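Let me begin by presenting the structure, written as structure tokens, before commenting on it.
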Amino acid sequence: MNLPLSANDAPVGIFDSGVGGLSVLRHIRAQLPHEHLLYFADSGFAPYGDKPEHVIAERSLMVARFLIERGAKALVVACNTATVAAIALLRERYPKLPIVGVEPGLKPGAAATRNGKVGVMATEGTLAGDKFLLLRDQIRAATATEFLLQPCHGLADQIELGELDSDATTRLLEHYIVPLLDAGADTLVLGCTHYPLVQASIERVISDATAREVVLIDTGEAVARQLARRLQAAGTARTAAGPGTLDGYTTASATALSAAFNSLLGIDPPVHEVAFPPFAG
Ligand code: DGL
């Protein structure tokens, strides 16, 4: 007989347009090793970053519903673009569910800079979103930091292809990063969850371009901490001693997501292909 899962044993649902959210998942697994996790990669619909906001909002609602139907007790929107486009709608639709989003780390960026110039690398969708611009204006007013916004078209696609340090990826990184360094940025915010997955290549491009020390900001660890706080506050953190499980879902090929789990996190969880209805947007 299958006993119903208690709320504490229910899984946490995590989603991104693709493999980018693995940069957040790794911190969640490290900080919350007992939690059962569902990871949804919408790789069949990636990238999110250059699609209109209302399309990403609709799509995020579909993905969230899928995860909630599988028992998710909390959601992590492990995607800056989807957070900007959809988090308000998701919270409105599921008011009792803890929902944690990811936003470019402008506040830690402002705290880290020594010269007041912070480059922000993100998708076009994130940088054009009202939610992001409001955050930028608030932090700029409070700290007098100058934020240099750099949309990185095509970078998430390279990472989806598994090209973490190919020549093409390096050229793209140089194209986006060198102008930020030339403009004086001493801190770079990685405002898309795909980008920490190429941190080694980013560091190489920086050290080839300048002798200056440049700080990189990634909010994955802070997001995992926030999830832990929200589960504690809701009284639904898993208390059983056994290790948590992980299941992967993808709207593209299971082989590709399995390869990403293996190469990026060194793990081999079960991965399921999901066929979403055709999406008009
Ligand atoms: N990983 C996503 C983000 O954090 C977006 C990548 C994309 O699909 O464009 O914004």
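Nothing in this text is a laboratory measurement; each read-out follows from the coordinates by a stated rule. Values in this document were obtained by computation on a predicted structure and should not be read as measured data. Backbone-built Cβ (ideal geometry, glycine too); neighbour counts: all protein chains shown.
Numbers below:
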{"item": "Region 216-281-region 125-143 distance, computed between alpha-carbon centres (Å)", "result": "28 Å"}
{"item": "Alpha-carbon Debye profile of region 166-206, log10 I(q)/I(0) at 0.15, 0.25 Å⁻¹", "result": "-0.32, -0.91"}
{"item": "Trypsin sites (Lys or Arg not before Pro) within region 76-114: DSSP coil, no more than 11 neighbouring Cβ in 10 Å", "result": "LYS96, ARG114"}
{"item": "Most mobile listed residue (LEU197, LEU134, LEU67) in the chain, GNM with C-alpha springs under 10 Å", "result": "LEU134"}
{"item": "Globularity index of region 1-66, i.e. its alpha-carbon radius of gyration over 2.2 N^0.38 Å", "result": "1.32"}
{"item": "Orientation-averaged projected area, Cα convex hull of region 1-126 (nm²)", "result": "9.3 nm²"}
{"item": "Dipole axis of the chain (+1 Lys, Arg; -1 Asp, Glu on Cβ), positive-most option in ALA128, SER258, ASN8", "result": "ASN8"}
{"item": "Within a Gaussian network of the chain (alpha carbon springs, distance under 10 Å), most fluctuating of ALA122, ALA233, ALA85", "result": "ALA233"}
{"item": "Listed pairs LYS73/LYS96; LYS51/LYS117; LYS107/LYS131 exceeding 21 Å between Cα atoms", "result": "LYS51/LYS117"}
{"item": "3J(HN,Hα) from dihedral phi, region 165-176, Karplus parametrisation 6.51/-1.76/1.60, rounded to Hz, x for glycine, proline", "result": "9, 6, 4, 4, 5, 4, 4, 5, 4, 4, 4, 8"}
{"item": "Other-chain or far-sequence residues with amide H under 5 Å of PHE40's (modelled H)", "result": "ILE14, PHE15, ASP16, TYR249"}
{"item": "Top positive-direction residue, dipole computed over the chain with Cβ charges, set PRO52, ALA142, CYS79", "result": "ALA142"}
{"item": "Shape call, region 224-281: gyration tensor on alpha carbons, a/c limit 1.5", "result": "oblate"}
{"item": "Exposure proxy order (Cβ contacts within 10 Å, fewest to most) of CYS192, CYS152", "result": "CYS152, CYS192"}
{"item": "Fraction of beta bridges assigned by DSSP in the chain that are antiparallel (%, nearest 5)", "result": "0 percent"}
{"item": "Relative contact order (%) - criterion: Cα under 8 Å, at least six apart; region: region 1-92", "result": "40 percent"}
{"item": "Volume per residue of the C-alpha convex hull in the chain, rounded to whole Å³", "result": "133 Å³"}
{"item": "Reference-scaled alpha-carbon Rg (2.2 N^0.38 Å with N residues) for region 103-254", "result": "1.18"}
{"item": "Unit charges on C-beta of K, R, D, E only; dipole of the chain, Debye", "result": "1100 debye"}
{"item": "Gaussian network model of the chain, springs between alpha carbon atoms under 10 Å - residue of GLU103, GLU53, GLU203 with greatest fluctuation", "result": "GLU203"}
